[in-house]
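Below is one structure, written out as structure tokens, with a few remarks after it.
The values are calculated or read from the model by the stated rules, or taken from the named source; none is laboratory data. Given the structure is predicted, the values throughout are model-derived calculations rather than measurements. Cβ coordinates were reconstructed from backbone atoms using ideal geometry, including for glycine residues, and neighbour counts include every protein chain displayed. What goes into the accessible areas is simple: the full protein's heavy atoms, side chains included, and nothing from ligands, DNA or RNA. Shrake-Rupley method; radii C 1.70, N 1.55, O 1.52, S 1.80 Å.
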Amino acid sequence: MVENSQNAMVWIAWETHTRNRTLSKEFNAALVQLDYASSHRLVRYVRSISATINLLRQWRGKIVFAQNPSIVLCFLCVLLRPILRYRLVVDAHNAGVYPQEGKTFFMQKLADFIIRNTPFTIVTNSGIASAVALKGGRPLIVPDPLPPAHGSSNKPIARSVLFVCSWAADEPYLEVFKAAQTLPHVTFYVTGNSRGREAIFGSALPSNLVLTGFLAETDYFNLLASCSVVLDLTTREHCLVCGAYEAVSHGKPFVLSNNEATVDYFTTGGRYCDNTATSIAECVQDVLNNEQRYIENVEFLRATLSVNWPKHLEEVDAIIKRLR
């Protein structure tokens with residue numbers, strides 16, 4: 001953890017997310033997650049905006065981190081910065097750089113405005129950093145730290161796959177279902193609240209595919225500890241998925257999407273697929289057939305990242321603390 005005895009930083013987010021917890025802790029920033037998800041949308045925005053303005057008043061002259069998304073949160077922070085004179089750093093997820101996959105003109109212009117008017121924008125990899133720079137921003141690359149290992153398994157589930165899924169548009173879950181059909185000897189556990197999206201498959205789901213629904217954190221990590229392989233996929237070009245970090249932290253072989261950012265960071269310990277049923281099935285089968293070798297490789301990756309990441313954090317932290 002970066003030492004900061006004066007606690008001169010605050011990390012504000014409008015949702016609960018693992019990256020908020022881990023990075024705020026590493027930067028020694030006070031974490032405030034204004035998560036009013038249970039409220040009506042209009043009420044949620046009113047409460048979030050009011051609470052954020054009060055926070056920014058309290059932290060005037062200090063360093064403020066804001067998570068993007070929310071676009072509204074970061075737009076508010078940009079507007080109030082000249083008045084309250086705090087030093088702003090935005091932590092931009094892919095959806096903060098390309099909201100709604102860049103398909104909505106107004107939202108994209110708003111995201112570009114935030115990038116241009118924020119002193120530093122934190123991103124996870126060089127690909128998205130290049131996009132930020134092209135938009136007139138100043139990117140700092142900070143991948144997620146490896147999360148602490150949680151969960152335990154007294155009963156490993158042989159030949160099993162944990163598909164980390166939030167049922168979002170960038171996750172090729174239908175291709176995973178097709179892959180499961182071709183691997184009837186492998187059990188696929190699919191996480192997340194589907195809200196009926198599995199019906200899009202158009203036929204009965206394979207009998208070896210288990211929809212877990214939303215899992216409490218303890219149950220999720222216990223299942224992860226029990227399964228043989230972690231599968232986490234995205235169609236986004238520059239995206240490092242949370243399940244990959246969790247797999248490495250728990251010493252689990254993985255199958256991830258074959259994009260440049262993923263291959264460059266998660267260099268060993270699993271396979272990289274093309275988001276098609278054939279490729280997914282082939283990669284899962286290979287990892288299961290050579291499980292011990294992949295376990296050894298992922299252990300090597302975990303050790304390497306654990307040594308290199310703190311050094312990188314210190315460099316970025318020094319840059320942020322010079323911000324005026």
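Kindly indicate whether any position in the range 125-145 is open to solvent by 20 Å² or more (accessible area, probe 1.4 Å), closer than 19 Å to residue 250 by Cβ and either among the hydroxyl-bearing types (Ser, Thr, Tyr) or over 17 Å from the mean Cα position of the chain (by Cα) (or both).
no
For the range 222-324, which fully contained strands (runs of 3 or more DSSP E) count at least 1 residues that are touching a Gly at 6+ places or on another chain (Cβ under 6 Å) and surrounded by 19 or more Cβ atoms within 10 Å (Cβ to Cβ)? Explain how you work it out, then say what you get.
Working: elements: 229-232, 254-257, 270-273.
By residue number, 229-232, 254-257.
So how many residues does the range 183-203 have that are in contact (Cβ under 8 Å) with a residue 24 or more places away in the chain, part of a loop (DSSP other than H, G, I, E, B) and open to solvent by 40 Å² or more (accessible area, probe 1.4 Å)?
Residues meeting the conditions: 4.
For the range 207-221, which residues satisfy the criterion of being part of a loop (DSSP other than H, G, I, E, B) and of a type in the set (A, V, I, L, M, F, W, C)? Write out each step before concluding.
Applying the first criterion (part of a loop (DSSP other than H, G, I, E, B)) to the range 207-221 yields 207-208, 214-216.
Across the range 207-221, the qualifying residues are 214, 215, 216.
Are there any pairs with C-beta distances below 7 angstrom linking a residue in the range 7-25 that is without any contact (Cβ under 8 Å) to a residue 12 or more places away in the chain to a residue that is open to solvent by 50 Å² or more (accessible area, probe 1.4 Å), with the two at least 6 apart or on different chains, and if so which?
From the range 7-25, the pairs are 21/31.
Tally up the residues in the range 33-57 that are touching a residue at least 12 places away in the same chain (Cβ under 8 Å) and either more than 29 Å from residue 319 (Cα to Cα) or surrounded by fewer than 19 Cβ atoms within 10 Å (Cβ to Cβ) (or both), please.
Applying the first criterion (touching a residue at least 12 places away in the same chain (Cβ under 8 Å)) to the range 33-57 yields 33-37, 45, 47-49, 51-53, 55-57.
Add one more test, that the residue is either more than 29 Å from residue 319 (Cα to Cα) or surrounded by fewer than 19 Cβ atoms within 10 Å (Cβ to Cβ) (or both), and what stays is 33, 35-37, 45, 47-49, 51, 53, 55, 57.
Residues meeting the conditions: 12.
Among the residues that make up the range 253-276, is at least one of them closer than 18 Å to residue 180 by Cβ, polar (S, T, N, Q) and in contact with a helix residue (DSSP H, G or I) (Cβ under 8 Å, 6 or more places away or on another chain)?
yes
Determine which single condition residue 176 fails, assuming it passes every other condition in (1) crowded, with 19+ Cβ neighbours inside 10 Å; (2) within 30 Å of residue 312 (Cβ to Cβ).
(2)
Could you identify the single residue in 89, 97 that is buried (at least 22 other Cβ atoms within 10 Å of the Cβ) and in contact with a His (Cβ under 9 Å, 6 or more places away or on another chain)? Before the answer, list the steps.
Numbers: 89 fails: in contact with a His (Cβ under 9 Å, 6 or more places away or on another chain).
Checking each option against the conditions leaves just 97.
Name the single residue that is modelled with the lowest pLDDT among those in the range 154-173 being at negative phi and open to solvent by 40 Å² or more (accessible area, probe 1.4 Å). Walk me through it before giving the result.
First, pick out the residues of the range 154-173 that are at negative phi: 154-158, 160-166, 168-173.
Now narrow it down to the ones that are open to solvent by 40 Å² or more (accessible area, probe 1.4 Å): 154-158, 166, 169.
Values: 154: 66, 155: 83, 156: 88, 157: 93, 158: 94, 166: 95, 169: 91.
So, considering only residues that are at negative phi and open to solvent by 40 Å² or more (accessible area, probe 1.4 Å), the one modelled with the lowest pLDDT is 154.
Of the numbered conditions (1) without any contact (Cβ under 8 Å) to a residue 60 or more places away in the chain; (2) of a type outside the set (Asp, Glu); (3) open to solvent by 50 Å² or more (accessible area, probe 1.4 Å); (4) within 30 Å of residue 318 (Cα to Cα), residue 149 satisfies every one except a single condition; which is it?
Going through (1) without any contact (Cβ under 8 Å) to a residue 60 or more places away in the chain; (2) of a type outside the set (Asp, Glu); (3) open to solvent by 50 Å² or more (accessible area, probe 1.4 Å); (4) within 30 Å of residue 318 (Cα to Cα) one by one, residue 149 breaks only (1).
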